[in-house]
Amino acid sequence: MKKLIFALLLMFAVSITTSKAQVADFTLTTTKGGTINLYTWLMGNNAVICDFFFLNCGNCQSFASKLDQIYKDYYSNMFYVKMVSFEIQEASDADIDQWKIDHGATYPACGGIEARNYWSSSWFGILGSGFGQVALIIPNPSDPANSTIAFTASGGVGDNDVQEIRNILWQNGFWMLGTKELTPEEAGVSTYPNPAADYFTIGFDETMHGDVGIEVFNLKGERVIAQFISVDGVNTIDINTTGLSDGLYMVRIDSENGTVTSKLQVVR
């Protein structure tokens, strides 16, 4: 099987966006002993990036640190994006972990025959045999099998592919703007009225310019509202809350300057 994989590697790089194929579930153990279930991630409204590699793959080695930057920007900062890699030639956990250290990858990895079988049965028909390979899944929380495979690349993944992954995440509401926590005054943002009934308003002062992501979370940490706007100076936007139950919520406003988080009470 390993010789067959090596024989199939002479492929041109291919990038594809949006596949209608069903997303196959997996439950696998990482090299560190943790357990990952894909459908659990998707039902939690997380985008998922899957990376398929083997230790001697030059393209995989060069791409690892670039993929890791996405991981650090999004998942490690709790931006609803998760990532996992699959070593498909049954290397030992120790060798996979050393490979990750050598090539700057900190995201979790799975190996062994289970990881190989998942790739061969669920992704080979989509990605083919050129390596490295990556797939981005946009979640359908109510029906994870029908989540969208929004991007795939195989036969070598480069800077343009990394940017395309970021673009697709952005377009689907997975924003990663500023990670610096700001006060409303520092960010030039105001939120009113509070308590709110059927809507609340976010006001921006003259210092606010660029793209802004607005998210509302309930106390379970579930994102219940997500909107994206572009702001150029003084502006306001009304956020409809008629679909929210009475209670306490967290409002997160992300801009290139940083992040503002505030509490919002909904009372009718």
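Put simply, the convex hull of the Cα atoms in region 17-110 casts, on average, a shadow of 6.4 nm².
For region 91-211, the relative contact order is 13 percent, taking Cα pairs closer than 8 Å that sit 6 or more residues apart in sequence and dividing their mean separation by the residue count. Close amide-amide hydrogen proximity is noted between His209 and Gly233, each under 5 Å apart and 5 or more residues distant or on a separate chain (H modeled in the peptide plane; Pro and chain starts excluded). Tell me the angle of helix 112-122 to the major Cα principal axis of the chain, expressed in degrees between 0 and 90 and rounded to the nearest ten. Between the helix axis and the principal axis of the chain, the angle is about 70 degrees.
Pairs of Cα atoms under 8 Å, at least six residues apart: use those to get the relative contact order of region 168-268, whole percent. Write out the running numbers ahead of the final one.
On the way: 226 pairs, mean separation 35.2, N = 101.
35 percent.
Packing here is the average count of other Cβ atoms within 10 Å per residue, and on that basis the peptides 237-248, 212-223, 149-160, 99-110, highest first, run 149-160, 99-110, 212-223, 237-248. Taking the fewest neighbouring Cβ atoms within 10 Å as the starting point, the ordered list for Asp161, Asp97 is Asp97, Asp161. With the cut-off at 21 Å, report for region 184-266 the share of all Cα pairs above it, as a whole percent. When every Cα pair of region 184-266 is considered, 22 percent fall beyond 21 Å.
Across the chain, C-alpha contacts under 8 Å between residues 6 or more apart give a mean separation that, scaled by the residue count, equals a relative contact order of 19 percent. You can think of it this way: the chain between Arg268 and Gln163 has 33.4 nm of extra reach, that is 0.36 nm per residue less the Cα-Cα gap. Mean projected area of the convex hull spanned by the Cα atoms of the chain, taken over all viewing directions: 14.7 nm².
Values quoted throughout were computed directly from the atomic coordinates according to the rules given, and no laboratory measurement underlies them. None of these values were measured; they are calculated from a predicted model. Here the Cβ is made from the backbone with ideal geometry for all residues, glycine too, and neighbour counts use every protein chain on show.
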